[in-house]
Amino acid sequence: MLERDTENRFPVLEELHIGLVTRCPLAKGFLTAAYDKHSTFPEGDWRGRMELFTEGGIQKRQAVLDLIQSKAREKNAMPAQISLAWLMGKKPWIVPIPGTRKMERMIENGGAAEVHLTKGEIAEIDRALDQLGGIGMV
């Protein structure tokens, strides 16, 4: 979601019938909405050094997190499931492979296949992402 330039490749991928396996589809856990400005990470966890997880980084992207959480409540889903469903709803040849260390997260992420977003909901999320102005995962 946060690396919007990937979508620039869609026409070529579609023309050549190439699928896309996404890298970091949950933005290192950011799109799970599990982290806020008070979150800390253990020593050695590189997320503690990423702008994305700082107070300012979260604040810059708060509108998107709020929208994802709102959609999750509407769909009786988890924010991670909304993020993955958005990605899968973009094109049928996109395959997100989120990393996880916990079985319950793997099961939760798999549940994204049961969450269906309308074209209008996907467009609404796209508009919110476009308003970020290219603020990715730095």
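Placing R0 at 25 angstrom, the Cβ-Cβ distance between Asp45 and Asp5 gives a FRET efficiency of 0.45 after rounding to 0.05.
Taking all protein chains as they are arranged and a probe of 1.4 Å, the heavy atoms of Asp5 leave approximately 90 Å² accessible to solvent. Taken about its Cα centre, region 75-119 carries a charge dipole of about 160 debye when Lys and Arg each add +1 at the Cβ and Asp and Glu each add -1 at the Cβ.
Rolling a 1.4 Å probe over the protein chains gives Thr100 an accessible area of about 60 Å². Other residues whose C-beta falls under 10 angstrom from the C-beta of Gly99 contribute a net charge of +4, scoring Lys and Arg +1 and Asp and Glu -1. Within the straight-line cut-off of under 18 Å between alpha carbons, the lysines reachable from Lys28 are Lys37, Lys60, Lys102, sequence neighbours fewer than 8 places apart in one chain being disregarded. Here's how it looks for Thr22: its modeled amide H is under 5 Å from those of Val95, Ile97, which are all 5 or more places away or on a different chain.
Taking label positions 7 Å along the Cα-Cβ direction at both Arg101 and Glu114, the computed distance is 2.7 nm, reported to one decimal. Each Lys and Arg adds +1 at its Cβ and each Asp and Glu adds -1 at its Cβ; summed about the Cα centre, the chain shows a dipole of about 160 debye.
Taking amide hydrogens as modeled 1.01 Å from N in the peptide plane, which residues meet the under 5 Å criterion relative to Leu117, leaving out close sequence neighbours? Residues meeting the criterion, in which the H sits 1.01 Å from N, do not exist here.
When the alpha carbon coordinates of the chain are projected onto the principal axes, the ranges are 44, 30, 27 Å, largest first. Across the chain, the relative contact order, built from alpha-carbon pairs under 8 Å that are at least six residues apart, equals 36 percent.
The values are calculated or read from the model by the stated rules, or taken from the named source; none is laboratory data. All figures in this text were calculated on a predicted structure; none of them were measured in a lab. Quick reminder, even Gly has a Cβ in these numbers, built from the backbone with ideal geometry, and neighbours come from all protein chains shown. Surface areas here come from the heavy atoms of the whole protein model, side chains and all, with no ligands, DNA or RNA. Shrake-Rupley method; radii C 1.70, N 1.55, O 1.52, S 1.80 Å.
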